[in-house]
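The values are calculated or read from the model by the stated rules, or taken from the named source; none is laboratory data. Everything numeric here is computed off the predicted structure, so don't read it as measured data. Cβ coordinates were reconstructed from backbone atoms using ideal geometry, including for glycine residues, and neighbour counts include every protein chain displayed.
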Amino acid sequence: MTSVVGTAGEKRILVAALEEQRRAVLWKLEDLDDERLRQPLVPSGTSLLGIAKHLASVENGWFGRTFGRANEEVPDESLAEDPHAEWRIHPWETTEGVLAYYARARAASDAVVADLKLTDRGTDRHGAAVSLRWVLVHMVQETARHAGHADVLRELLDGRTGERPAS
């Protein structure tokens with residue numbers, strides 16, 4: 001993490017770690033046309049744009065629903081009908097729309113983080129109490145995991161690898 005001094009406060013370090021992983025995901029989406037962003041390259045059907053949609057829904061759920069804020073996560077009833085709904089890019093969904101959805105999710109999450117202390121608690125979708133600290137750590141893990149997936153998908157598409165553009 002180059003954006004934060006190693007002795008910064010815990011919240012600032014966690015936010016910087018999440019932001020660095022978000023940037024890695026977004027970089028993997030750069031300079032690709034709609035067809036390549038939607039192209040599933042592994043048997044699960046995962047695509048780069050699907051990763052962005054999933055991360056948007058997950059951020060909405062963990063930061064929005066957990067802390068009682070408005071959110072745009074993929075509804076539970078949609079997931080009951082299609083367990084992969086938050087990953088699937090439908091023909092009517094545009095690349096711009098999915099990327100805007102991810103941008104709104106990040107902004108909404110950032111607002112929650114700015115409003116709360118690390119020790120503030122919310123309730124997860126299963127009814128368990130979780131702190132903002134736990135949610136931030138979880139989202140760093142979740143986003144980093146999918147940044148790795150995006151790295152592999154991008155390498156399969158055109159050979160681009162790495163966490164960030166070369167400086």
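Quick notes on this one:
- Top-ranked residue of the range 11-31 - restricted to ones that are in a helix (DSSP H, G or I) and charged (D, E, K, R), ranked as surrounded by the most Cβ atoms within 10 Å (Cβ to Cβ): 28
- Checking residue 125 against (1) at pLDDT 95 or above; (2) within 20 Å of the chain's Cα centre (by Cα), the condition it does not meet: (1)
- Residue tally, condition at pLDDT 95 or above and either touching a Cys at 6+ places or on another chain (Cβ under 7 Å) or within 16 Å of residue 159 (Cβ to Cβ) (or both), over the range 40-57: 1
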